Ligand SMILES: Nc1ncnc2c1ncn2[C@@H]1O[C@H](COP(=O)(O)OP(=O)(O)OP(=O)(O)O)[C@@H](O)[C@H]1O
C-alpha cells in the first residue's frame, strides 16, 4: 500500500505489530521475541527495560531495520517493512534513523568533528553541507569547544555526546540507543537523557532506548517492560 504524504505524516514513526523473532532451528530454536507490539509516536522518549535476554536488543535491531521479524509486521512511518527491499531499508536507515551504542563506537584516531563528519559521509550527506551539519550537531550536544579532541581526550559522557551528535547530524526522525548510559556514572547518564529530552522537545525526534537503570526510567515519557519476548502489562505511560 502506498500512503499519501499526509497519511504517512500522521502515522506513528514506528508501529510494531505482534512481532516474533526466532533464531536457530530445531532443538536450538530461540524465541527472542514472541508477539511484541509497540507504537512509537512522533516526539516521544521511550525506555525499554527487561532482564538480560528478554529481547530488548532484538527489538531495537528490528526497529532500526537491521533485522527482520520472523512473524508479525513493523511499519516505518506507515510503510510495511515486509514490503521494502533491503536497499529501501538501507536508504531509510541512513536518512531517517540514528543509532547509538553502549560502547560509543567512535573511531579512536579521529576527532569528535571527524567522527561526526564520517557519519555524515556514510549517511550520504552532500560534501558541501557536512561541515555545517557536523558543527551544528556538536554544538547541540554542548561540544562546540571540544570538537577537535579525540575520544581518548574526552570523558565517557563527552564521548557518548559525540556519538549522539553523529547519530543526529543527518537529522533523523528516530534515534535508537542500546544501553546508552550503561558505561556512564549517574550524573553523565542524566546529562545524556537531558540531550535526548531536548531533541524530543525542540526537534520532535523520537527516541527509544534500552536501560536497566531505574533512575533513567524516571526521566522518560514511557517505560515498556519486555518479558520473555513480549511487551508486559506493567508498561508505564507518563504522557
Ligand atoms: N543472533 C542470535 N542467534 C541466536 N540467539 C540469539 C541471537 N540474538 C539474540 N539471541 C537470543 O535471543 C534472546 C534475546 O536476546 P537479546 O540480545 O535481544 O536480549 P536483551 O534483552 O537485549 O539482553 P541484554 O540485556 O543482556 O543485552 C536471548 O536468549 C539471546 O541469547
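Just so it is clear, none of the values below were taken in a lab; they were calculated from the coordinates. Predicted model only: the values in this text are computed from it and were never measured.
I'd like the orientation of helix 127-140 relative to the chain: the angle between its Cα long axis and the longest Cα principal axis, in ° from 0 to 90, rounded to 10. Here the helix axis deviates by roughly 90 degrees.
Under a Gaussian network description of the chain, with springs only between Cα atoms under 10 Å, the residue in 158, 91, 179 that fluctuates furthest is 91. Taking the chain as a Gaussian network, where each spring joins two C-alpha atoms under 10 Å apart, which residue of 36, 137, 127 fluctuates the most? Checking each option, the largest mean-square fluctuation is seen for 127. Our helix-only sum for the chain, with -39,500 (n - 2.57) per DSSP H run of n ≥ 4 divided by its residues, gives a mean residue ellipticity at 222 nm of -11000 deg cm²/dmol. Calculated from the alpha-carbon coordinates, the stretch 143-239 shows an Rg and a Dmax of 14.4, 46 Å respectively.
Pairwise alpha-carbon distances in the stretch 6-95 exceed 21 Å for 32% of all pairs.
At the listed q of 0.16, 0.19, 0.22, 0.23 Å⁻¹, the Debye profile of the stretch 43-160, built from one uniform point per Cα, gives log10 I(q)/I(0) equal to -0.94, -1.14, -1.26, -1.29. The chain gives an Rg/Rh value of 0.97, both radii derived from C-alpha positions and Rh following Kirkwood. Between the stretch 76-145 and the stretch 28-42, the C-alpha centres lie 25 angstrom from each other. The C-alpha atoms of the chain define a longest principal axis, and helix 86-96 lies at about 50 degrees to it.
Relative to the longest principal axis of the Cα atoms of the chain, helix 112-123 runs at roughly 50 degrees.
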